[in-house]
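These notes are about the structure you will find just below.
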Amino acid sequence: MYTGSGYRDWEIGDIEVIKDGDMYHLFHLIIPNHDYIAHAVSTDGINWRRVKHALFVGHPGEWDDDMVWTMDVSRTEYGYEMHYTGLQLADKGVIQKIGRAVSQNLYDWKKENNYNLPLASEGPHYEDPENNPRTWLSFRDPFRFVENGEKYLLVCARSNHGPISRRGCVGLAKLVDNQYVLQRPLLHPLAYDDIECPCLIIKNGRYYLLGSIREDIKVRYWYSEQFGGPYKSYHSDVLMPQGNYAARIIRDGERILVYNFYFLNREINFKRVLPPPKELDTDKKGRLYLKSYDGWDNMISKTILQNDFAEVLPNLQNSSASMFVEESKFTFRSVSGYEVFTFNKPSKNIIWTGTLHLEGMGKSGLVINADRHGNGYFIALDFVNGYVQIRKWGFNPHDNHNNFIFNNLQSGLFQPPEDRKINFKMIVYGNYLELSIEDRVILTLIDYQYSDDGIGLYSASSVISLIDSKIHILEDPETQYAAEEDFDNMVQIPGPI
């Protein structure tokens, strides 16, 4: 868990992660100044500590003397290479260019603009100063890719044609005779204003292109059988649910990890936090999905079986509700209305696994970080339609006319089983929440509203059973730059007794 924690609570910008030996290296922007690229390191890929900054804006008159923006770091035969976005004061922020820096150790960087860099947006394939309907040119977020020994840069760019709000494309430059030469866009879907932070990975012989979309703050992907395209979409092209953004991918041994930052409240100018990574995989039809990071297993200090869970209590005292507690099976029922059945977590930071079985046609789901008044996070599980939604739900002491909190935070889909039994994995780590169903990450988010110890299930005209459940206790997160602060406007106040 990591976030900028300086003058503003949303200082962390676009990110890049690379692994060197046993150490993960994080590079990221500083928002809103864009005056340097920060550097942090981690031994587990989750908890980070800052080290000396990687790169600063240039001196007056240099091509990057105004701001430095999104970067890409890659290993080369000569060491490490960072391609990054720069802006110049003389251009007043209108023109974005791609430049380069090099390093031998990932800590000490030297700007070195060989290969006719810095590179800017030019016709005939891209917008230029004469074809600039927005009055600023997108040409940023480089990503280096090597295909059959040929070197390319993927770029967030704008096609020279199409409706103004749909010109966003993935630009392409190829290294030819030691000079980067602009090519036709790798992808122009005629759908979005920009495709930010593009990145490309090959898995099982297929090319997968990722991009972040500002319109709805989601990460989407496209696929192709060859590098040059065409890149196509599946019926569902969202890789990461809303609020997750600026995704970048790294190879970590045999696995492919996805890192991103998360927008709290789904607002761009609000607090941003770097969540733990997820692992990228494909299903039998070649569609991408995310799995929980296996590095969590190394952080488990103790495991508690279901029979040793704390006492389960009904919170709302619904007269039509009942429960039946066996050694490895808890069954909860509410004939009419809601009942919330919770027990105390053995630790603030846990992984909770088990099987859920729904009977009947009513509502049910998980409850996380709840207090004895039923204030907490409610994860609605629709076993019939395969729909999941998490909301924060509770009492609002600040508004007598609307004395409730009822905010939907994120939603996702899963394949509903015919027998209405699902295996789940719920991670609660500081303010980070992650839900997997049948080994697929469905929800991944960060929120600060509730932090009480109650977890459990709710029932509304349903019968829901928890079977063969376990709770794994995790080591506490590191505190440097960790998302553990209390904010005056986010503090939970218990409801009336």
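Structure summary
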read-out	value
Filtered residue count, region 341-371, keeping only those that are touching a strand residue (DSSP E or B) at 6+ places or on another chain (Cβ under 7 Å) and either free of Cβ contacts under 8 Å to residues at least 24 places away in the same chain or among the basic types (Lys, Arg) (or both)	2
Pairs where the first residue, in region 322-340, is under 18 Å from ILE455 (Cα atoms) and the second is in a loop (DSSP other than H, G, I, E, B) and among the aliphatic types (A, V, I, L, M), C-beta under 8 Å, 6+ apart	MET323/VAL312; VAL325/VAL312; PHE330/VAL312; TYR338/LEU316; GLU339/LEU316; VAL340/LEU316
Residue within region 73-82 that is under 30 Å from PRO163 (Cα atoms) and assigned by TED's automatic domain parsing to the domain that holds PRO163 present	no
Residue among TYR80, TYR84, TYR24 that alone is in a strand (DSSP E or B) and within 21 Å of GLY295 (Cβ to Cβ)	TYR24
Some residue of region 166-187 being farther than 23 Å from VAL68 by Cα, surrounded by fewer than 17 Cβ atoms within 10 Å (Cβ to Cβ) and within 25 Å of the chain's Cα centre (by Cα)	yes
Qualifying residue in region 340-356 (condition: modelled with pLDDT of 95 or more and over 22 Å from HIS472 (Cα atoms))	yes
Count of region 254-297 residues which are at positive phi and at pLDDT 90 or above	1
LYS232 vs. criteria at pLDDT 95 or above, more than 17 Å from the chain's Cα centre (by Cα) and either not hydrophobic (A, V, I, L, M, F, W, C) or not assigned by TED's automatic domain parsing to the domain that holds GLU147 (or both)	yes
Some residue of region 342-363 being under 20 Å from LEU466 (Cα atoms), touching a His at 6+ places or on another chain (Cβ under 6 Å) and not aromatic (Phe, Trp, Tyr)	yes
Enumeration of residues in region 295-321 that are surrounded by fewer than 17 Cβ atoms within 10 Å (Cβ to Cβ), free of Cβ contacts under 8 Å to residues at least 24 places away in the same chain and either of a type in the set (Asp, Glu) or not in a helix (DSSP H, G or I) (or both)	ASP297, ASP308, GLN317, SER319, SER320
Residues of region 82-102 that turn out to be surrounded by fewer than 19 Cβ atoms within 10 Å (Cβ to Cβ) and either aromatic (Phe, Trp, Tyr) or in contact (Cβ under 8 Å) with a residue 40 or more places away in the chain (or both), as a count	2
Subset of region 276-294 [in contact (Cβ under 8 Å) with a residue 60 or more places away in the chain and outside any strand (DSSP E or B)]	PRO276, PRO277, GLY286, TYR293
Some residue of region 325-334 being of a type in the set (Lys, Arg), over 20 Å from ILE304 (Cα atoms) and at pLDDT 95 or above	yes
Unmet criterion (only one of (1) of a type outside the set (S, T, N, Q); (2) closer than 28 Å to ALA90 by Cβ; (3) touching a Gly at 6+ places or on another chain (Cβ under 9 Å)) for ILE12	(2)
Qualifying residue in region 458-474 (condition: closer than 21 Å to ASN375 by Cβ, at pLDDT 95 or above and of a type in the set (Phe, Trp, Tyr))	yes
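The values are calculated or read from the model by the stated rules, or taken from the named source; none is laboratory data. All values derive from a computational prediction rather than experimental measurement. For neighbour counting, all protein chains shown are included, and Cβ atoms are generated from backbone atoms with ideal geometry for every residue, glycine included.
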